[in-house]
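Please read the structure below before turning to the comments.
The values are calculated or read from the model by the stated rules, or taken from the named source; none is laboratory data. Since this is a predicted model, take the numbers as computed values, not measurements. Neighbour counts are summed over all protein chains in view; Cβ atoms, including those assigned to glycine, are modelled from backbone coordinates with ideal geometry.
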Amino acid sequence: MLEISDILKANILIVDDQQANVLLLEQILRNAGYLHVSSTMDPHQVCSLYAEHRYDLILLDLQMPEMDGFQVMEGLKKIEPDGYLPVLVITAQPNHKLRALQAGAKDFVAKPFDIVEVKTRIHNMLEVRLLYRKLDNYNKELEQTVLERTAELRLSEARFKSFTELSSDWYWEQDAQGNFTQISGPVFEMMGIEVDELMGVTKTTSSGGWNVAERELLHAKIAERRPFLDFVYSRTNADGTTQYLQVSGEPMFDTASRFTGYRGIGMELTDHR
């Protein structure tokens, strides 16, 4: 939201080779409450002044000797990175208005001055200019915040993954359909299984098998989309020995609260048992 005080704090430059016009515009602006009003009667100084102060508004007379307002605007275009010229032209020639707008000016006031019109056009132009600048600053701050939060999230995920790899034998993720999307650690070597190209369906490489009741219980826990901790299940190897495994997992949801899958860690417990 833009406050009236923000508009009155705007930085304004008056450019006119006629001192009487400069004094009149300064008086109009100061009586209206504007706090930062400066002026120059030398159009050659405008570009260097703008480069230094980045005025929110330039009141620019078009008809000046040696260097007219159109030439001034061409110079401003070279130093304005976004191509926006905060210029309100002053002219007594009606045929100059369209040309000035085509040259980059955003509005105009006619001579002789109508004080109400001058104040209204200045206020409206500053309001639009400052709103766009405020929006641009907000977007930049938002973009920077997103970059910072993304970096923090990636760092946190890296730390979490590193921790899980140190505290378990493997880390795993599944999508909403139960297909493995990420696995790290020697899980396949330890369990004697393989995963197809889609990392979805597993198949045993030996004649052993899973404990059906335990596997069904694990699948039921996952189907409930609830976290589970230290669930132990087993499988019989080809040599008749029993292999014990322990897994923990938690469901994952997107920003719209839609279920996207599971992630968790696993350990081989046979030696411990």
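Which ones in the range 32-75 are touching a Lys or Arg at 6+ places or on another chain (Cβ under 9 Å), closer than 25 Å to residue 131 by Cβ and assigned to a helix (DSSP H, G or I)?
Correct list: empty.
Across the range 158-180, what is the number of residues that are within 20 Å of residue 251 (Cβ to Cβ) and at pLDDT below 60?
Number of matching residues: 2.
Kindly indicate which of 28, 90 is within 26 Å of residue 134 (Cβ to Cβ), of a type outside the set (Asp, Glu), in contact (Cβ under 8 Å) with a residue 60 or more places away in the chain and in the same structural domain as residue 127 (by TED's automatic domain parsing).
Step by step, each of 28, 90 is checked, and only 28 is within 26 Å of residue 134 (Cβ to Cβ), of a type outside the set (Asp, Glu), in contact (Cβ under 8 Å) with a residue 60 or more places away in the chain and in the same structural domain as residue 127 (by TED's automatic domain parsing).
Considering 91, 145, 120, which residue is more than 30 Å from residue 32 (Cα to Cα), among the hydroxyl-bearing types (Ser, Thr, Tyr) and surrounded by 10 or more Cβ atoms within 10 Å (Cβ to Cβ)?
145
When both residues are 6+ apart or on different chains and their Cβ atoms are under 7 Å apart, which pairs have a first residue that lies in the range 40-58 and is touching a residue at least 24 places away in the same chain (Cβ under 8 Å), and a second that is among the polar types (S, T, N, Q)?
That search, which allows pairs on different chains as well, returns 41/19; 46/40; 49/40; 53/11; 55/11; 56/11.
Run down 112, 94, 81 and say which single residue is modelled with pLDDT under 90 and within 29 Å of the chain's Cα centre (by Cα). It would help to see each step written out before you state the result.
Working: 112 fails: within 29 Å of the chain's Cα centre (by Cα); 94 fails: within 29 Å of the chain's Cα centre (by Cα).
Exactly one residue qualifies, and that residue is 81.
Give the number of residues within the range 33-61 that are of a type in the set (Gly, Ala, Ser) and farther than 11 Å from residue 14 by Cα.
Selection size over the range 33-61: 3.
Here is a yes/no grid of residues against (1) farther than 26 Å from residue 7 by Cα; (2) assigned to a loop (DSSP other than H, G, I, E, B); (3) aromatic (Phe, Trp, Tyr):
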residue: 85; (1), (2), (3): no, yes, no
residue: 88; (1), (2), (3): no, no, no
residue: 94; (1), (2), (3): yes, yes, no
residue: 117; (1), (2), (3): no, no, no
residue: 123; (1), (2), (3): no, no, no
residue: 137; (1), (2), (3): no, no, no
residue: 140; (1), (2), (3): no, no, no
residue: 146; (1), (2), (3): yes, no, no
residue: 154; (1), (2), (3): yes, no, no
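For the range 209-226, does any single residue satisfy the condition of being aromatic (Phe, Trp, Tyr), out of contact with any Phe, Trp or Tyr (no Cβ under 8 Å at 6 or more places or on another chain) and either modelled with pLDDT under 80 or more than 17 Å from residue 174 (Cα to Cα) (or both)?
no
Can we say residue 105 is closer than 19 Å to residue 13 by Cβ and touching a helix residue (DSSP H, G or I) at 6+ places or on another chain (Cβ under 9 Å)?
When the stated conditions are applied, residue 105 passes them.
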